[in-house]
Structures are given as structure tokens and as C-alpha cells.
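The values are calculated or read from the model by the stated rules, or taken from the named source; none is laboratory data. Bear in mind that the values here come from a model prediction, so they are computed numbers and not experimental data. Note that we place each Cβ from the backbone using ideal geometry, even for glycine, and neighbour counts take in every protein chain shown. Side chains included, ligands, DNA and RNA excluded: accessible areas come from the protein's heavy atoms. Shrake-Rupley method; radii C 1.70, N 1.55, O 1.52, S 1.80 Å.
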Amino acid sequence: MIKIDEYVDIRNHCTLKIGGQFRYFTVVETQSDIQEVINFAKEKNIKIFILGGGSNLVFSSTIVDALVVKIQIKSFEIINDTDEYTDIKVGAGENWDAFVGRTVDMNLSGIEALSAIPGTVGATPVQNVGAYGQEVKDTIVSVEVLDPEAGSIKTFLNSECEFAYRDSIFKNNAKNKYIILSVTFRLSKGEHKVPDYPGVKNYFQDKGIINPTLLDIRKAIIVIRSTKLPNPVEIPNVGSFFKNPIVTTQVFYSLISSTGEKVPFFDVGGDKVKIPAGWLIESVGFKGKDFGEISVYQNNALVLVNNGQATFADIEFVRNQIIRAVKDKFGITLETEPEFV
Ligand SMILES: Cc1cc2nc3c(=O)[nH]c(=O)nc-3n(C[C@H](O)[C@H](O)[C@H](O)COP(=O)(O)OP(=O)(O)OC[C@H]3O[C@@H](n4cnc5c(N)ncnc54)[C@H](O)[C@@H]3O)c2cc1C
């Protein structure tokens, strides 16, 4: 029998520590718990909202009129093991970073650069989590979901997930439609790549490490991230608040000539470039700017931090200020990365 709480303080369930109350809230640890959840929602005629670790969500300061279901389904199963790779099916409620650590210990590569990202395994396909040149889309074989409407289980193959930069079908056409139960990853036993990022290269140079192991890479990423991203347990935040805009090279070159700025970029192919949103925000003078309840993080302009008592209106105000300033100077409209609920 699951326990359903009412009027639960949202701030205890999200890393930004902003929000009012969940009308109903429950935690599920098994697939069979979910049927009870579905019955309750039907009985109350209320929608279901799925929550992982709450590290990519910005909640309103009012009541979220839903049954919020925190997924804590745990499992770890090797379903295929060859000379080249291992397929692992992982429960949606497993902690992502603990899973990454476990695969690195098994000497399997593919997700080591995604170390220290908060949240659950089940949330990673939703925004195709990525960092330091790796994205989960490159290792995901399939995503197993439950359709609460139909009461049936369905498997999305990688090709059906419509993965893109910080995006997937679960953020678009299938948004809030399925409960992700497990994700199957294919991790490699072959040679691994060292992330081609100056910070990572400098780290290994300083340490005198010539051929970094998977564990060396994991450790490097953890150290580098700790200097650029505030620990949400100490300073409430949701990581990068904005996506890095992708524009055509034509737009990019006209932007350089109109602003006269040396705008950094990464070639992403298809005649397009990605511009670091943090650089754009820094260029309009917002890095470290204190707005009272919300600040732009001093070490990383991409991160907004809650100074303690911020409300949804406070974060929305700062978001709009940043979007307007960047638009005025560069003609680019920044898009937010976390989901607003
Ligand atoms: C300090 C910090 C650093 C971060 N760094 C990165 C980074 O480098 N790269 C990156 O991509 N992200 C990053 N993030 C964002 C965030 O950690 C990831 O998006 C993470 O995958 C979210 O996991 P979660 O369990 O907290 O999901 P939540 O925030 O709880 O949910 C996110 C979305 O997924 C849905 N969801 C969650 N679980 C399920 C499920 N089982 N079934 C169906 N839908 C589900 C939710 O409904 C919601 O739409 C960072 C966040 C912080 C705070």
C-alpha cells in the first residue's frame, strides 16, 4: 500500500528550493506500486507528474495541482556481455552518478564524462543529458516505459527517442505521457577517448598523467565541475539555466560583424555553430550579478543560484532580464534548459 501525502512543500524535493506545494505526493519503489498510483489519480481525476531528483525543474510558487510521483525504482542487471561491450538495464530511480561510478569501476566506457551530474537514471533520456563531449544518446539502447493511460509497457529503441541537443521525444510529443521504468545502456570495453576540453587537458598535464584511465577521467571531471558548478546541497541551483544557442554560420558571421566581438563557437556540423550561452551572459555584464534573492553565479554565468528565499517570480524576473540583455546586444534569444512547472 503506497502512502500519499497532501500539500507537500516543493522546496524539499527540488535542488533550486523554489516552489509552493504539491497537491498530492508519493514515492514509488516498485512497478506494482504504480498501478495504485494510477488508480488514485483516476479516482481524484488529477494528472500525474513524474519526479526524479528535481534537479532540472523550476516550480511555481503556488500549488502544483497533480499527483507528483517520485520514482525510486532500483535495479541493475547485466543483460548482454560480449568481448566488445556490456548491456546494462538500470532502474529509473537509481542515482545517476552512483551508476556512472559503478560502470567506471567495471572498466566500461561511454558515460565517464557524465560524472557528477545530479539526478536519477530515468531522467537522463528526457533531456539527453550531456557534458564534456558525451551525451547519453550515444550509449542508450532502449528506454522502457509504462503508459499510464493504456496500462501497458512499451520499449522505445534509441532511434525512436528523437534525441537531439538537450532534447528527446520525452520532452516533446511524449511529454508527461510515460513513466520511464528503466534504461538500457551499451557500454564499451574498447579504447576510451579523453574529453577534448582545455580544462581536462590542463588537469592531466598538471598531474603528469599521460594516458588517463577511466577512473582518472571521472576524477578529473568531478574536480573540474566542482570549481564551475555550485553544489546544490549547499547553494540551491539547477545547473545550466540556459541552453547554448545553435545558429547558422551565416547568422554567426553577421553577428560578429555587427557587434565587433570575438564570439567563441563550436562547429556542430551542418553549417551550424554552437555559442556558449555563459559567454553571452558574461558579455552583457551579468556574471556574478546579485539580484537580491537570485544571483548569477560568480564562477559560471550560466548558473542562477537561489540565495535562500527566492520565489518563482524572482527567478522569472532574472531570467527575463538576461534574455532581454542578450537579445538586445546579440539578437539571439536564449532558451531555458530546465523545465518550468
Ligand atoms: C549542479 C547541477 C549540474 C548539472 N549538470 C548537468 C549537465 O552537465 N548536463 C545535463 O544535461 N544536465 C545537468 N544538470 C541538470 C539535471 O541534473 C539533469 O537534467 C538530470 O538528468 C535531471 O535528473 P532528475 O532525476 O533530477 O530529474 P527531474 O529534475 O526530477 O526531472 C526532469 C524531467 O524528467 C522527467 N522525469 C524524471 N524521471 C522520470 C521518469 N522516471 N519517467 C518519466 N519522466 C521522468 C520529469 O518529469 C521532468 O520532466 C545539472 C543540474 C545541477 C543541479
Protection-proxy order for peptides 194-203, 317-326, each taking the mean of Cβ atoms within 10 Å per residue, highest first: 317-326, 194-203
If you average the C-alpha positions of the range 136-159 and of the range 17-33 separately, how far apart do those two centres end up, in angstrom? 22
Residue-normalised accessible area of the range 278-332, given per residue in Å² at a 1.4 Å probe: 45
Dipole magnitude (debye, nearest 20) for the range 76-188, charges at Cβ of Lys, Arg, Asp, Glu: 440
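Carbon and sulfur atoms: what percent of the 1.4 Å accessible area of the range 230-341 do they account for?
Numbers: 2640 of 5540 Å².
Roughly 48 percent, rounded to a whole number.
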With the dipole of the range 37-122 defined by +1 on each Lys or Arg Cβ and -1 on each Asp or Glu Cβ, the option from Leu114, Asn95, Phe40 whose Cα lies farthest towards the positive pole is Phe40
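Pairs Lys175/Lys274; Lys228/Lys274; Lys201/Lys287: which are spaced more than 23 Å apart, C-alpha to C-alpha? Write down the numbers at each step before the final one.
Details: Lys175/Lys274 25 Å; Lys228/Lys274 20 Å; Lys201/Lys287 25 Å.
Result: Lys175/Lys274; Lys201/Lys287 exceed 23 Å.
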Percent antiparallel among DSSP beta bridges (both partners in the chain, rounded to 5): 75
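When a/c is below 1.5 the answer is rounded, else prolate if a/b is larger than b/c, else oblate, so apply that to the chain with a ≥ b ≥ c taken from the square roots of the Cα gyration tensor eigenvalues. Walk me through the numbers before you get to the answer.
Details: a/c = 1.71, a/b = 1.15, b/c = 1.49.
Taking the square roots of the gyration eigenvalues as a ≥ b ≥ c, the chain is oblate.
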Quick check: Cα centre of the range 211-267 to Cα centre of the range 36-57, how many Å? 33
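Which value in deg cm²/dmol, rounded to the nearest 500, describes the helix-derived mean residue ellipticity at 222 nm for the chain, given -39,500 (n - 2.57) per DSSP H run of n ≥ 4 and division by the residue count? Numbers along the way, then the final one.
Values: 7 runs with 86 residues, N = 341.
About -8000 deg cm²/dmol.
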Lysines with Cα under 16 Å of Lys177, excluding same-chain neighbours fewer than 8 positions away: Lys42, Lys47, Lys70, Lys154
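With +1 on each Lys and Arg Cβ and -1 on each Asp and Glu Cβ, how big is the dipole of the chain about its Cα centre, in debye rounded to the nearest 20? Display every interim value, and only then the final one.
Values: 36 positive and 42 negative charges, 151 e Å.
Dipole of the chain, to the nearest 20 debye: 720 debye.
Please sort 231-241, 114-124 by packing, taking for each peptide the average over its residues of neighbouring beta carbons within 10 angstrom, highest first.
Details: 231-241: 18.7, 114-124: 24.5.
So the peptides 231-241, 114-124, ranked by packing, come out 114-124, 231-241.
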